[in-house]
Structures are given as C-alpha cells and as structure tokens.
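The structure appears right after this line, and notes come after that.
All of the numbers you see were taken from the coordinates with simple rules; none came from a lab. Small disclaimer: the values here were computed from a predicted structure and weren't measured. No Cβ is skipped: glycine too gets one built from the backbone with ideal geometry, and neighbour counts run over all protein chains shown.
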Amino acid sequence: MPRKKATSSDVAKKAGVSQATVSMVLNRKYNVSFSRETIEKVEQAARELDYHLPGRKNKKDSKKEKLIVVFCPTLTSPYYVLLLQGVEAVANKQGYGVFICNTQRDARLEETYLRMMHTIQPQGIIYSCNPNPDFQQQVEELARTIPLVIISNKEKTTTVDAINQDNTVVGKMMARHLLDLGHRDVAFITPPLTRRQWQRTKRVNGFVKEFEKEGLKEHVIIKAADESIDSRIPRMDTEYSMGYELTRELLEEGRQFTAIAGQNDMMAIGALDALHEAKVHVPKDVSVIGCDNIFYSGIRRISLTTIDHFVVLKGQDACDIILRKIDARERALTDSAPISLYNIEYTPKLISRRTTGYARTWKNPTGKNN
C-alpha cells in the first residue's frame, strides 16, 4: 500500500507549530520574523516527512523558474540595450532568466507591471531607470519583500539598493571639455525636460552651472524637444531624429554657437548629420559632444567625443546585487547575518575623439544672425 502523502498539518504537528507558521517559513516570508529554532524545527520536520509545498518543484527543476524582472522605458535606445546585456551576462551565468517589462515611458503601463509583480513573484527586480515619481513609494515597499535595485540618479534619495549616476557631474564634464577648448557660445540639445524625466534636467543643469562659473550662463542655448514626444511609442530612430531636428532648428533660427552637446550619443549623431547636411564642418566650425559611449560612437567615420559612464558594468553590478541579496536572504533563515544596503557609483570618464576641437569664429550662414 503506497505511503500517504504528508500535508502541512502533519509538518505543523511534528514541529509543534501552527500551519500558518509552516506556510510562512517554507514560503520564506522574509517580512515575518521567526526564531532560528522555529525555522530549523519546521525545515527538519518537512525533510523527515518529505513534504513539499504544493506547486513547488524540486531544487533540480527549480533552476528553470529562477527569474529576474527588468523594468525598462524603451528597447529602442542603445543605452538600454547595453544595460540589458550587462544584466543578462550575469543572470544567465547563474541560471536565471531575464524578463523585460518595456514600460514605453507610459505611467499606466508601469503601474500595470508593478501590480503583476506580486503574482509573478520574481527572485529579483531591476529598474533600469528611476521609477515614475508617482510610484516611488510603491517601489520602495516592493523592495521590502523582493530584492530590488534601481539604476538611479545620485541626487534622488531612496532606501532601495542603487547603482548611482550623478548626472550633474556628467553635465559639468561635458561643459568643462568644451570650455577648455575655448568654446563660449554653445547649445545643449535634449529630449523633453519633464517631471517624469527629471534626470535629464540634472545633466542640463550641471552643464549650465559649469558655464555659469565662467560668467557665461547666458551663452548657453537649451533646445529641448516637445513634451508630446515622450507620449509616443519610441522608434529606433527617435533619439537620432530629435538630435537632427533640433540642430536644424538651431541653424534655421540663426543661432550662433561653436559647439553642440547632446543629452546622449544618438542625439549627438543626429546633430552631426544635420550639420553635415548644412555643410557645417565638424569640428572646424562646430564641435559636438555626446554621452553614453555607445558602440556607434566609436565607429571611425563617426568618432564622437562622449562621456563614458560604464553602462554595461552598471547592468552587471545591478544583477550581482540581486544575486547577493537572494543569497543573503536564504542564509538569513538559518543565520543571523545582517542584510546590507548596496550603493554603487562610478566616476564618469571623458572619451575625446574627432568631433571636438578648439573653438573658431563661425557665423551661421542660415537664417538671421544674432
């Protein structure tokens, strides 16, 4: 006669605890505190009775179900592609799958994905950018039950593990490079500067502040794309097109500048094409600098000066933090080791290439002159 399958009631009776305690201990509800002795009693009783939670597979099979979720605002930007490569390199090596929630910068879609996390119950969550400000508190609450890392801007205070990027410093570095080359009249082209995308404003502010230190704040032209762009589904050429169109507008308006800084490399590459089309020589007439050091920037024909803030390494570190937290929480069931809060930041690096040079007097031949 086959042996009767053990139940949670059997485990509870053998361990001398309630069924609720058995469920919480074996489901590893980390927000509930149990003594080490209670945890060991329950786990020992479950092993002796060969009890497994309903729907749970054995450890050998569970590898296939290990999942890390990445919240990503777009899959059309080379920046986020690089970031995801870093995440997947670490996750796949450790047997974890990666599920991408492409929010398309839509708050409603982001909220829908957040609600799904309690059902999916991934082993970890990575936010590849700052959460929508409306959901910041919700994300921090979620981080109490699921290891969660935000690839964040340093100036946004949070109690969540983070890979930090001080965009103000990045903007200052871009400005300092141009100032050292003698540029005094410059333009900064950027996607929409909205509340949702406040980190973009940090980069612009850092850039302007560096010129302000030299008494040249009024010599900086800020050219931002229309806010409606962020409400559309991004295309592969969205950032490039923004850079191209904003540069064309600067030329047609007759604005005088000897350098253009792009919020990111794709916008800077768009600016290069607009300048080339207008027969403006780079860097002889106008210098161009971007940010991110994506693959295209290093192509010899482009050779874009840019700021490298180590995007792939950020993705790798974010995933590594998730794995460390998973391991620490598993050990916390039988060990009193504290859970740490991780905070990592890289120092950005200037990559000087052929699109920036010493400033020369250049008069915009298109449109009116200032």
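Results, tabulated for the structure shown:
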| read-out | value |
| --- | --- |
| Long-range HN-HN contacts of Asn264 with modeled amide H, under 5 Å | Cys291 |
| Fraction of alpha-carbon pairs over 18 Å apart in segment 153-250 - percent | 54 |
| For segment 159-190 versus segment 222-245, the gap between their alpha-carbon centres in whole angstrom | 20 |
| Sequence-distant residues sharing a close amide H with Gly97 (under 5 Å, placed H) | Lys66, Leu67, Ile68 |
| Largest-first principal axis extents, alpha carbons of segment 167-308, Å | 40, 35, 31 |
| Segment 198-205 - phi-based ³J(HN,Hα) in whole Hz, Karplus 6.51/-1.76/1.60, Gly and Pro as x | 4, 5, 5, 4, 4, 5, 5, 4 |
| Label-point separation, Arg47 to Lys284 (7 Å along Cα→Cβ), nm | 7.7 |
| MRE, 222 nm, helices only [DSSP H, n ≥ 4, -39500 (n - 2.57), over the chain, to nearest 500] | -12500 deg cm²/dmol |
| Computed over segment 250-355: relative contact order in percent, which uses C-alpha pairs under 8 Å that are six or more apart | 27 |
| Rounded to whole Hz, the Karplus (6.51, -1.76, 1.60) HN-Hα couplings of segment 273-279, x for glycine and proline | 5, 5, 5, 4, 4, 8, 6 |
| Selected from Thr361, Val17, Asn343, residue furthest toward positive end of dipole (the chain; charges at beta carbon) | Val17 |
| Cβ charges +1 (Lys, Arg) and -1 (Asp, Glu), total dipole of segment 167-308, debye | 340 |
| Amide hydrogen neighbours beyond the local backbone of Gln165, cut-off 5 Å, H modeled | Ser152, Asn153, Lys154 |
| Value of Rg/Rh across the chain [Cα atoms, Kirkwood radius] | 1.12 |
| Estimated dipole of segment 227-336 in Debye, rounded to 20 [Cβ of Lys and Arg +1, of Asp and Glu -1, Cα centre] | 280 |
| Proximal charge balance of Pro283 [Cβ under 13 Å; K/R count +1, D/E count -1] | +3 |
| Ellipsoid equivalent to segment 66-174 - semi-axes via the Cα gyration tensor, in Å | 21, 17, 14 |
| Average Cα contact separation per residue, the chain, under 8 Å, 6 or more apart, as relative contact order % | 18 |
| Backbone HN-Hα couplings from phi across segment 165-172 [Karplus 6.51/-1.76/1.60, Hz, Gly and Pro as x] | 9, 8, 5, 5, 5, 4, x, 5 |
| Antiparallel content of DSSP bridges confined to the chain, in %, to 5 | 10 |
